[in-house]
Amino acid sequence: MIAIRSDLSLPEGELRFSVSRSGGPGGQHVNKVSTRVSLEFDVDASPSLSDAQKRKIHERLSSRLTRDGRLRLSCGVHRSQAANRREVVERFVRLLGEALRPRRRRVPTKIPPAARIRRRDEKLHRSRLKRERGTEPDTS
């Protein structure tokens, strides 16, 4: 089980892992060992998530989901497959946790009188500057 939050855990069976060769420098090791790990999670088909959670994930992670509602992450920064797997799972947990975290409501505050005065004075100043930019009226 992978703990996303205190109230949500996903069985590892819902995650699909695949490995491939990592790019970048590294010589012969990089060219012959499959160390990059890709994780795929089908949000829509997950029985562990409620409809509200699925909706929230679609809203907040829409740019990271494929058209068919799958979340894909990959990691190839480490030299070992195990380290890349740990890293990609950590990123997945962080990403889902952030998406499912309840957003705090903004508490509207009153604009302080000093700020109103500063704003008014700035408007007057800009107004005078613009007025002085104009051409002088003809006095002939």
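Of all residues in the range 23-51, none satisfies the criterion of being of a type in the set (A, V, I, L, M, F, W, C), exposed (fewer than 15 other Cβ atoms within 10 Å of the Cβ) and modelled with pLDDT of 85 or more.
Residue check: is Ala115 surrounded by 14 or more Cβ atoms within 10 Å (Cβ to Cβ), out of contact with any Leu (no Cβ under 8 Å at 6 or more places or on another chain), free of Cβ contacts under 8 Å to residues at least 60 places away in the same chain and aliphatic (A, V, I, L, M)? When the stated conditions are applied, Ala115 does not pass them. Screening Lys56 on (1) closer than 24 Å to Ser6 by Cβ; (2) surrounded by fewer than 10 Cβ atoms within 10 Å (Cβ to Cβ) shows it passes everything except condition (2). Looking only at residues in the range 2-21 that are touching a residue at least 60 places away in the same chain (Cβ under 8 Å) and more than 21 Å from the chain's Cα centre (by Cα), the one that is farthest from Phe41 (Cα to Cα) is Val19.
Take Leu39 and tell me if it is under 23 Å from the mean Cα position of the chain (by Cα) and in a strand (DSSP E or B). Talk me through it step by step, then tell me what you get.
Values: under 23 Å from the mean Cα position of the chain (by Cα): yes; in a strand (DSSP E or B): yes.
Spelling it out, Leu39 is indeed under 23 Å from the mean Cα position of the chain (by Cα) and in a strand (DSSP E or B).
Have a look at Ser127, Ser140 and point out the one that is among the small types (Gly, Ala, Ser) and either surrounded by 10 or more Cβ atoms within 10 Å (Cβ to Cβ) or modelled with pLDDT of 85 or more (or both).
On the way: Ser140 fails: either surrounded by 10 or more Cβ atoms within 10 Å (Cβ to Cβ) or modelled with pLDDT of 85 or more (or both).
Of Ser127, Ser140, the one residue that is among the small types (Gly, Ala, Ser) and either surrounded by 10 or more Cβ atoms within 10 Å (Cβ to Cβ) or modelled with pLDDT of 85 or more (or both) is Ser127.
Kindly indicate whether Ala83 is loosely packed, with under 13 Cβ neighbours inside 10 Å and either at pLDDT 85 or above or closer than 22 Å to Ile2 by Cβ (or both).
On the way: loosely packed, with under 13 Cβ neighbours inside 10 Å: no; either at pLDDT 85 or above or closer than 22 Å to Ile2 by Cβ (or both): yes.
Here the answer is no, as Ala83 does not meet what is asked.
Within the range 88-121, the set of residues being of a type outside the set (Lys, Arg) and either touching a strand residue (DSSP E or B) at 6+ places or on another chain (Cβ under 6 Å) or at positive phi (or both) comprises Val88, Phe92, Val93, Leu96, Gly97.
Of Lys32, Lys110, Lys54, which residue is within 16 Å of Leu8 (Cα to Cα) and of a type in the set (Lys, Arg)? Give the steps one after another, and end with the answer.
Details: Lys32 fails: within 16 Å of Leu8 (Cα to Cα); Lys110 fails: within 16 Å of Leu8 (Cα to Cα).
After ruling out the rest, the residue left standing is Lys54.
The values are calculated or read from the model by the stated rules, or taken from the named source; none is laboratory data. The structure presented is a predicted model; accordingly, all values stated were derived computationally and were not measured. Here the Cβ is made from the backbone with ideal geometry for all residues, glycine too, and neighbour counts use every protein chain on show.
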